[in-house]
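The values are calculated or read from the model by the stated rules, or taken from the named source; none is laboratory data. Predicted model, so just to flag it, every value in this text is computed and none were measured. Neighbour counts run over all protein chains shown; Cβ positions are idealised from the backbone, glycine included. The area values use the complete protein model at the heavy-atom level, side chains included, leaving out ligands, DNA and RNA. Shrake-Rupley method; radii C 1.70, N 1.55, O 1.52, S 1.80 Å.
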Amino acid sequence: MTALERSEAKPAPAAVAATSPALLARAVDGGRQALLPLLLGVAAVLLWQAAVSVLAVPPFVLPGPFDIAAAFFANLGNIVSASLVTGGNAAVGLVAGGLLGVLAAVVAAFLPVFDRLAGPLVAALSVVPIVAVAPVLYTMFGAGEESPRQIVAGIAVFVPVYVNSLRGFRQVLPVHRDLMRSYAAGRWQVTRTVTLPSAVPYMFTGLRIASSLAVISALIAEYFGGPVGGLGKSITSAAAGSNYTLAWAYVLGAVVVGLVFFCATAALEKYSSRH
């Protein structure tokens, strides 16, 4: 390597000095964005505990957050086991409903007839009450099966994924398609290079919305039957035994599961946007 090549390969001190303040400012800004919600959460918990203590609120009305945290860690093994059951059903529903939603949106985007036929059906699915569907599915598949809960979660996931994905497929400007066709690009090439990249952000918006709906739907479906072991069953059992603090501890477990699903879909979206 010549002296000139070595000088070109070595970063200039001025460039390094210029990027250091930018990196520091970005790190400070990121820490501030993470710290403010944390402080707000801590303040809300302290206000909750103070209100329960000062007003002498009975535990069956609203336990204090410190008591809920103590019950959570005292029963951590049972809560984790129940969370795995509910989270597993929600994950199956999220994957199945998400794939079906994207595939149906692809078909609707390229076949307007299918779009007109599917529109009323999707609108009907969006207002289907879980409290009515879950007992019927338990009767069809059996009270000992997990599949009714997974189907309920899949139905809840399908609608937002389908609607957002279809909107994404329709965001491509006609001039972009015409430009690709002027280069003799085939239909699949146009879809792969223009349509899909434009629709990906909308798909992940639907998935982020659906991730929380999957957990909520799977949990609510547990109230109406099925195997014992999920978070919904554990909440009802604890409440029926007048152990309301434990019931709230299971609710906290459900919140953690929902946050895990939301963060996982957000991380997947960030990874896909970089690649």
Q. Accessible area per residue of the stretch 45-125 at 1.4 Å probe, in Å²?
A. 56 Å²
Q | Peptides 139-150, 228-239 ordered by average Cβ neighbours within 10 Å, highest first | A | 228-239, 139-150
Q | Apportionment of accessible area to carbon and sulfur, the stretch 88-170, percent (1.4 Å) | A | 77 percent
(Q) Counting heavy atoms of the protein chains only and a 1.4 Å probe, report the per residue accessible area for the stretch 210-275 as a whole number of Å². (A) 49 Å²
Q) Once you list every other residue whose beta carbon is under 13 Å from the beta carbon of Pro227, what net charge do they have if Lys and Arg are +1 and Asp and Glu are -1? A) -1
Q) Highest mean first, what order results for 165-171, 214-220, 248-254 on Cβ atoms within 10 Å? A) 214-220, 248-254, 165-171
Q | 14 Å beta-carbon shell around Val85, net charge (K/R +1, D/E -1) | A | -1
